[in-house]
Each structure stands twice: as C-alpha cells, then as structure tokens.
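The values are calculated or read from the model by the stated rules, or taken from the named source; none is laboratory data. Keep in mind that this is a model prediction, so the values were computed, not measured. No Cβ is skipped: glycine too gets one built from the backbone with ideal geometry, and neighbour counts run over all protein chains shown.
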Amino acid sequence: MSPLSHSVRLAPFQPETVWTLEGAELVERRGPREQRFPLSTLTIFRLARPREGGRRRVLTLVFGRRKTVLAAHSYVGPGRFEDRLASFALLVRAVAGVATDLAPRARFEMASVLAPREGLTWVMGLLAVGTVAMLLMAFSPGMTGLALEIAARMAFVLILLAAALPWLGRGEGLDPQALPEDLLPSA
C-alpha cells in the first residue's frame with residue numbers, strides 16, 4: 001500500500017512541500033528537509049473555512065510546541081494558484097481518522113481564516129514590544145517622565161487585553177468522524 005500524500009508549493013522561492021501519512025506519523029518534506037510529526041502527540045486539529053465560498057482551505061496541526069500548516073492550493077505564479085483540493089481532502093480525512101484513535105485528547109475545531117483570538121494575540125505582542133521600547137526610552141535624558149507614563153498606559157491596555165483573551169472563542173467544535181462534505185469533498 002502506498003502512503004497517502006499531498007503536495008503544494010507554498011511560496012515563489014520555496015521548493016514544493018509534500019505531506020505524507022506514514023503509519024502513525026505525518027511527514028513533511030520541503031526540499032532536502034524532512035520533519036516527522038507523530039500523530040499521538042497532536043493537540044490541535046484546526047480546519048480553516050474559506051471566506052465567501054472560496055476554495056482555499058487550510059489545516060493547522062499543532063503538536064505541543066511544533067506546528068505545521070497544510071494548504072489546499074499551490075502557488076503557480078503571481079496571483080495564480082492551482083487547486084489541489086482532492087488530495088488535500090483525502091489526506092485531511094485520513095489524518096483526522098488516525099488522530100482520533102491515537103490522540104483522544106486532541107481538540108478538533110473549525111476556525112475562520114483569521115480568528116479573533118489570533119488577531120488579539122498579535123495586537124498584544126506588538127503592544128508588548130512598544131511597551132518595552134518606551135521603557136528603554138526612559139533611560140535617555142529628558143524623556144524619563146514621558147516615556148514612563150506612556151509605558152504605564154500601554155502596559156495597562158496590555159493587561160486589559162490579556163483579561164479579555166480567555167473569553168474569545170477558540171473556534172467551533174468539529175467532529176473528526178464527520179468532517180463537513182462541503183469543505184472536504186470525498187469524491
């Protein structure tokens with residue numbers, strides 16, 4: 001039996017990326033580089049719904065601190081993409097089936113292309129960098145008072161945003177045994 005695989009070119013100057021399901025591992029090959037992800041360590045399986053009926057699907061798999069992102073479309077040229085939904089759907093269904101058995105504690109969810117939680121996390125990161133920059137400016141002569149005031153206000157806003165983070169949805173639940181047919185056609 002040949003292993004199940006899906007390949008796309010993600011960016012103009014990258015070689016084609018090939019994902020292969022080999023037993024209980026997802027193998028990612030990009031040029032000479034190879035990464036192996038044991039499905040028993042899967043923590044998050046997130047399928048992104050395309051905007052406004054588009055055909056571009058994305059699957060994000062998180063394995064503890066490691067992550068891989070599979071795309072259903074392949075880069076062909078500037079502004080042009082090739083649809084490889086058939087092999088993507090087969091691989092996603094196979095990974096979901098194997099991961100259900102090997103990683104029973106994994107979270108399966110449907111996410112939008114850019115979830116509000118991820119956007120807020122980016123804003124918080126940029127705000128933290130700005131706060132640190134203001135604190136560093138406090139060491140320059142004549143800027144101590146102003147820089148500390150701005151840094152304190154930015155830190156307060158950062159704390160407020162961090163408090164709101166737990167209430168943002170992580171995405172709607174997804175049954176790995178009944179993946180949506182409109183997103184992943186089986187034929």
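Would you check which residues across the range 137-152 are in a helix (DSSP H, G or I) and surrounded by 12 or more Cβ atoms within 10 Å (Cβ to Cβ) and list them? Residues satisfying the conditions are Met137, Thr144, Leu146, Ala147, Leu148, Glu149, Ile150, Ala151, Ala152.
Just one of the listed residues (Arg36, Arg57) is farther than 18 Å from Pro185 by Cα, within 19 Å of the chain's Cα centre (by Cα) and of a type in the set (D, E, K, R), and it is Arg36.
For the range 4-23, taking the residues that are exposed (fewer than 13 other Cβ atoms within 10 Å of the Cβ) and in a loop (DSSP other than H, G, I, E, B), the one that is modelled with the highest pLDDT is identified as Gly23.
Would you confirm whether or not the range 113-122 contains a residue that is under 30 Å from Ala162 (Cβ atoms), touching a residue at least 40 places away in the same chain (Cβ under 8 Å), buried (at least 17 other Cβ atoms within 10 Å of the Cβ) and touching a Phe, Trp or Tyr at 6+ places or on another chain (Cβ under 8 Å)? So far as the range 113-122 goes, no, none of its residues is under 30 Å from Ala162 (Cβ atoms), touching a residue at least 40 places away in the same chain (Cβ under 8 Å), buried (at least 17 other Cβ atoms within 10 Å of the Cβ) and touching a Phe, Trp or Tyr at 6+ places or on another chain (Cβ under 8 Å). Please verify whether Gly142 is free of Cβ contacts under 8 Å to residues at least 12 places away in the same chain and not assigned by TED's automatic domain parsing to the domain that holds Gly23, treating the condition exactly as stated. Taking the combined requirement at face value, the residue satisfies it. Report, by residue number, each residue of the range 70-90 that is more than 28 Å from Pro38 (Cβ to Cβ) and surrounded by 14 or more Cβ atoms within 10 Å (Cβ to Cβ). If the condition is that a residue be more than 28 Å from Pro38 (Cβ to Cβ) and surrounded by 14 or more Cβ atoms within 10 Å (Cβ to Cβ), then Tyr75, Phe81 are the ones that fit.
Answer yes if at least one residue in the range 29-37 is in the same structural domain as Ala99 (by TED's automatic domain parsing), touching a residue at least 60 places away in the same chain (Cβ under 8 Å) and surrounded by fewer than 20 Cβ atoms within 10 Å (Cβ to Cβ), and no otherwise.
Taking the range 29-37 as the starting set, the residues that turn out to be in the same structural domain as Ala99 (by TED's automatic domain parsing) are 29-37.
Checking the rest, the ones that are also touching a residue at least 60 places away in the same chain (Cβ under 8 Å) come to none.
No, that holds for no residue.
Lys67 falls short on exactly one of the conditions (1) closer than 18 Å to Glu118 by Cβ; (2) touching a residue at least 12 places away in the same chain (Cβ under 8 Å); (3) loosely packed, with under 14 Cβ neighbours inside 10 Å; (4) not small (Gly, Ala, Ser), and that condition is (2).
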